[in-house]
Amino acid sequence: MGGWGSGVKFFGPGGTVTFWGNLLYRDEVFVVALFLRPVPHTMRGIMKRMLYMETFGCQMNVLDSELVLGQLHARGFESTEDRSLADVILYNTCSVREHAEQKVWSRLGELRGAKQQRPGLVIGVIGCMAERDGGNLFSKFPHVDLLCGPGELDKLAAMVHNAVITTDASLDAGSDALRLNAGSTAGMTVGSPPARQVALMGSSVRRSSTLAAAEDHLELLDLSRSIAAENDVAQAYVRITRGCDKFCTYCVVPFTRGPEVHRPPQNIIDEVKRLADAGVKEVTLLGQTINHYAYKQPDGRTITFGQLLYQIHEAVPHLPRLRFVTSFPRDFSDEALQAMRDCARVCRYLHAPAQHGSNRILKLMNRGYTTETYYDFVERARGFMPDVSLASDFIVGFPTETQAEFDQCAEMIRRCRFKNSFIFKYSPRPGTPAIDRLADDIAEDVKRLRNNALLAVQQEVCIANNQEMVGRTVEVMVEGQSKLVSRQAAYPSSRIELGWTSAQGQRRTQMIGRTRGDQVVVFDADPLIKGQLLNVRIIDAKNMTLFAELVA
Ligand code: 5AD
Ligand code: SF4
């Protein structure tokens, strides 16, 4: 055999310092020839690009991230947990409170230098902050290349792809625009750098609320979900409704996620079935006001939330657990409560945020119900299911809130015996009716005091609830190792010994599981049981934590 044959071309690592080479062969001998030539940026489309994504906020965002990651992986992007290795950095953001936005601002601030050093880096802000702040984000952070609101995420994979290609092309052409973009804001026109990609719904063009989900392009995002048994996940989210029509005066969600759109029941059932077939044991249905679900079929019949629960329960008998969040207290029909009672695999857990215990504040919040309606809902829920576990959200320090009105929140927690409450200090959000109409007149330290006081009341109620659990045997979904164990893994030099071998030679460690009522339980077990459903006996309740042992 004479001459050198040419084998597989290969490329050096991604980023800007790139080389390529050739695998040459003669007879049986293979030689690697390194040409040390920079790969044209435009050719790097065929190489694997590393993608770093960080998600902030609610379960809806977690699901959105999972779906867009699936689409990006299908286009050849590979996920990395190390931001410094990434070619594309995406933040899926939350705008509900200013604190959530500040975290993203600080991440974006950190990336200024990285972009200067590597102009080829693509930085994207997606989700509610992108929608709420729009082009202003470009002025504050000129090194951001891509904005995509939650209502436009079906376009994201194509946008990221385009951003990468245009950035490469501009670098090859030696475009100044990119370098300018990476440097300072001086002389820059928003939207001018070539790599910029923008897809926002725009608050003035809310999608039509009569739009059926089947005609809604966003449905494609949910339908694109890749479900494989080898993914080996025990828990999954399935969206049933997008957006919100309630317009609570403090809340950005109706503006960032648009109007309520209900997904067709058959699409939901198919998705739940495919997940259960792949081994998922617990599906959580998602919607901002989930019990308001009402899908108008072509034959004119409306499928309600209660009917949907019955249908999923019947169509997917091999799914051990079905749960849902978040409920709107006013819309709870007896039919939905009956469905929860009748369907044994639907978890008896209701997260129905009350937000406040005073009728005057509820009115200012535009919640559309009174405390009497809320108490009636709790009574009806417990009437159908005496063992139902209830959870709430509260906002303290809403404009004009008096001490006496605040005290009514504490009264509500005691009276409803919530399993837990998420308590937030009011955060005025640009674009909401409350920020325009009501001065944020409760001092920050008063908000903090009220927040802590309400947490203490909820803690008392928790302890009493937990004491009642001692001695009971409950089913838990094993979620993983306890926080204590994870902390030890992060700081191996700590001298706490949390993993050990039992007398029978099994590896044991402290695990956490979640009951059907959403209570967290701690117990010792083999770490390999993660993702299983099993029974434990509650043996102790200390403060907020339930301790249990495995039932043979
Ligand atoms: N300030 C404080 N808390 C808020 N929430 C929504 N908007 C605000 C705001 N502007 C809370 C509500 C809601 C939860 C997701 O966040 O309690 O139920
Ligand atoms: Fe926001 Fe109110 Fe809709 Fe919940 S119901 S998402 S608080 S507007």
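At a glance:
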item	result
Residue ID - nearest to the chain's Cα centre (by Cα), chosen from residues in region 352-395 that are away from ligand 1 (no atom under 16 Å from the Cβ) and outside any helix (DSSP H, G or I)	389
Residue 86, sole failed condition from (1) surrounded by fewer than 21 Cβ atoms within 10 Å (Cβ to Cβ); (2) over 20 Å from residue 255 (Cα atoms)	(1)
Residue 155 touching a residue at least 40 places away in the same chain (Cβ under 8 Å), charged (D, E, K, R), in contact with a strand residue (DSSP E or B) (Cβ under 6 Å, 6 or more places away or on another chain) and assigned to a helix (DSSP H, G or I)	yes
Of residues in region 516-544 being touching a residue at least 60 places away in the same chain (Cβ under 8 Å) and in a strand (DSSP E or B), the one surrounded by the most Cβ atoms within 10 Å (Cβ to Cβ)	536
Members of region 241-291 that are within 15 Å of ligand 1 (Cβ to nearest atom) and hydrophobic (A, V, I, L, M, F, W, C)	244, 247, 248, 251, 252, 253, 255, 286, 290
Residue in region 447-455 that is in a helix (DSSP H, G or I), exposed (fewer than 13 other Cβ atoms within 10 Å of the Cβ) and under 27 Å from the mean Cα position of the chain (by Cα) present	yes
Top-ranked residue of region 64-115 - restricted to ones that are of a type in the set (Ser, Thr, Tyr) and assigned to a helix (DSSP H, G or I), ranked as nearest to ligand 1 (Cβ to nearest atom)	65
Selection status of residue 61, in contact with a Pro (Cβ under 9 Å, 6 or more places away or on another chain), outside any helix (DSSP H, G or I) and in contact (Cβ under 8 Å) with a residue 12 or more places away in the chain	no
Residue in region 416-431 that is within 16 Å of ligand 2 (Cβ to nearest atom), surrounded by fewer than 15 Cβ atoms within 10 Å (Cβ to Cβ) and in a helix (DSSP H, G or I) present	no
All positions within region 304-351 that are among the hydroxyl-bearing types (Ser, Thr, Tyr), away from ligand 2 (no atom under 16 Å from the Cβ) and not in a helix (DSSP H, G or I)	304, 333, 349
Exclusive hit being touching a His at 6+ places or on another chain (Cβ under 8 Å) and charged (D, E, K, R), set 411, 372, 405	405
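Values in this text are rule-based calculations from the coordinates and carry no lab data. Just so it is clear, the structure is predicted and the values come from calculations on it, not from any experiment. No Cβ is skipped: glycine too gets one built from the backbone with ideal geometry, and neighbour counts run over all protein chains shown.
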